[in-house]
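Reviewing the structure listed below.
The values are calculated or read from the model by the stated rules, or taken from the named source; none is laboratory data. Here the structure is a predicted model, which means the values were calculated and not measured. Positions of Cβ are generated from backbone atoms using ideal geometry, with glycine treated the same way; all protein chains shown enter the neighbour counts.
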Amino acid sequence: MITSLLVANRGEIACRVFRTCRELGIATVAVYSDADADALHVREADTAVRLPGAMPSDTYLRGDLVVKAAQAAGADAIHPGYGFLSENAAFARSVLDAGLVWIGPPPAAIEAMASKTRAKELMGIAPLGEVTAADLPVLVKAAAGGGGRGMRVVRELHRLDDELAAARAEAASAFGDGEVFVEPYLEAGRHVEVQIMADAHGTVWPLGTRDCSLQRRHQKVIEESPAPALAPELVAGLHAQAERAARVTDYLGAGTVEFLVADGRAHFLEMNTRLQVEHPVTEAVFGLDLVALQIRIAEGEALPAEPPAARGHAVEARLYAEDPAADWAPQTGTLHRLDVPGDVRLDTGYGAGDTIGVHYDAMLAKAVAYAPTRAEALRKLAGALERAAVHGPVTNRDLLVRSLRHPEFTAARMDTGFYDRHADRLAAATPDPHAPLAAALADAHGRSRFGGWRNLSSQPHLKRYRTEPDGTEHEVRYHHTRQGPAADGVTVLSVTSSLVVLEVDGVRRTFTVTRYADRVHVTGARGDTALTPLPLLPEPTARRAPGSLLAPMPGTVVRVADGIVEGAPVTAGQPLVWLEAMKMEHRICAPASGTLTALHAVPGRQVEVGALLAVVEAADQAADPLVQEEQSA
């Protein structure tokens, strides 16, 4: 019997496993890198062990240190979570060799499906051989790992070599294995998967289906169960293939078999030999705790012959600290508040006041709604996210709400190209036009010595704000009058330091105002608007040379394009520098054809947001003294 369990992971999944352990009466052990010393998963565990390491992003990949931590803390089992070492057969074997219980499939099963190329062979599918123009478009894919890392869509044959190199580098960084392969890319397929549970007594449960078609950069954003609008015979075929994958590998525990469904046919993609991020939607529909089942199976218990019947519909949205309008750039900073109202499950690895750093994935939380029907579940989750208080870095919250309400999605006509078609519109910033006024009035009230308003007329008062993330600057003017505060175009009904009520075109609107050191959040019926207070007089901004390439986020320079030196010619769109942040690579490309006149990026160097990486002088750019000054800096 397991009495103490270590989670070889961090963040949301560690907190999720700890929750089940507490319900089962199992003591919990966390491991952490120096960057995670104050993380929520460390605070929630009964015991925590530091993993030493120079690079926080690599610390959780040290299986030898994880095993030693379990032994030092007296744990008798290890749960790998997902990502990091969760599909590492050598790590699983080392856990078993140390006399600990492994909460996962046998090492041999992990090895059988660890390489996507070997998995396809096992399922009787041959990978694509030499690529020709007739094969395009194709998908370059990491043989190990997942989560969209090491994946590239190639539509032009001359880009294949560069994309192969980029995929290898990203796969090696994320998984320690740079092997990649190429397969046909289906433009309009749906990503459908089957959750399985298998015990040591020969029982395999295919637990319905999940649709995970809404993806950005090949990473899932919204998932649901059951996958809508699938023919019963197709579902039966998916279940049969998933069960076959489990039986040919003598599988044990939780796993997921993934498919691309197009034209009514299912194409096998891979088998993930671990728990998936999106497992809560299956739990909601089947009324199960999959982590508890993992633990019981590892203890030798048998599953019932048949799983419980599926009921209702569940949908999950991943809340990321990222700016979808800026090519999904990850964001960093302090998460001041995260509160999703209503009957919605929230799985997170962050608490109020925690810092969102650069070393790990940008996911803040998963919000899950369950209802009797799909339409009700979508509406429930969209409404809860719209009313949520997410105060801190820019997130994809507004995009999630709009996605859940998009007619293509509500009609179940989506595919994996959904965001390729709709991201620009769904990601467009739409700050509430009255949020700056509400912020200004609340701030003035909060700063008033007597907590009220002067009884004399005065000149207009001025405040300036910038809405985030669109960067639009606003000047707000209001008056103190005998009747109270006043502003053009609206009627001010009441004001406190945290609540402002306005009447706009005959409609009463209420705003909650929350202030932090560097940001103001105004929440109303139209959602949340983030504002940065600005000085009354615009500050002079430092001029940059035309063609300056700046780091869009904090990160590490992982490589510079081969043969690129100062003075070299470059072409518009040519990748020059690769920056890694939150375990994803970001290409910094030449903005125009011309000459590389400065190169400050050095592989391995940590850079802050806005750091100068390089300067490209456009071919038609006239000589400018500022450019010369910038280049010599």
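Numbers at a glance
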| quantity | calculated |
| --- | --- |
| Lone qualifier among ARG421, ARG425, ARG374, ARG397 - being crowded, with 18+ Cβ neighbours inside 10 Å and either touching a Gly at 6+ places or on another chain (Cβ under 7 Å) or farther than 28 Å from VAL513 by Cβ (or both) | ARG374 |
| Lone unmet requirement of (1) at pLDDT below 95; (2) not in a helix (DSSP H, G or I) for ALA119 | (2) |
| Failed item, numbered, when THR203 is tested on (1) crowded, with 20+ Cβ neighbours inside 10 Å; (2) among the hydroxyl-bearing types (Ser, Thr, Tyr); (3) farther than 21 Å from TYR419 by Cβ; (4) in contact (Cβ under 8 Å) with a residue 40 or more places away in the chain | (1) |
| Strands (runs of 3 or more DSSP E) wholly inside the stretch 25-107 containing at least 1 residues that are among the charged types (D, E, K, R) | 47-50 |
| Residue ranges of helices (runs of 4 or more DSSP H) in the stretch 397-452 with at least 1 members of a type in the set (A, V, I, L, M, F, W, C) and at pLDDT below 95 | 435-447 |
| Odd one out for GLU183, checked against (1) of a type in the set (D, E, K, R); (2) more than 16 Å from ALA284 (Cα to Cα); (3) within 24 Å of the chain's Cα centre (by Cα) | (3) |
| One residue from ALA75, ALA35, ALA92, ALA8 being of a type outside the set (Lys, Arg), buried (at least 24 other Cβ atoms within 10 Å of the Cβ) and within 25 Å of the chain's Cα centre (by Cα) | ALA8 |
| Cβ pairs under 7 Å, 6+ apart, first in the stretch 304-326 and more than 19 Å from HIS422 (Cβ to Cβ), second surrounded by fewer than 17 Cβ atoms within 10 Å (Cβ to Cβ) and not aromatic (Phe, Trp, Tyr) | ALA305/THR203; PRO308/GLY287; GLY312/PRO372; HIS313/THR373 |
| Strands (runs of 3 or more DSSP E) fully within the stretch 309-352 counting 1 or more residues that are within 17 Å of the chain's Cα centre (by Cα) and of a type in the set (Val, Ile, Thr) | 313-320, 333-335, 345-348 |
| Among residues of the stretch 314-327, those that are out of contact with any strand residue (DSSP E or B) (no Cβ under 6 Å at 6 or more places or on another chain) and surrounded by fewer than 24 Cβ atoms within 10 Å (Cβ to Cβ), counted | 3 |
| Qualifying residue in the stretch 259-270 (condition: modelled with pLDDT of 95 or more and acidic (Asp, Glu)) | no |
| Residue match in the stretch 64-71 (condition: touching a residue at least 60 places away in the same chain (Cβ under 8 Å), closer than 30 Å to GLY555 by Cα and not assigned by TED's automatic domain parsing to the domain that holds THR256) | yes |
| Candidates ASP354, ASP361, ASP343, filtered to the one that is more than 15 Å from VAL401 (Cβ to Cβ) and either aromatic (Phe, Trp, Tyr) or surrounded by fewer than 16 Cβ atoms within 10 Å (Cβ to Cβ) (or both) | ASP343 |
| Selection count, the stretch 1-24, where residues are in a loop (DSSP other than H, G, I, E, B) and either closer than 16 Å to ALA73 by Cα or not charged (D, E, K, R) (or both) | 5 |
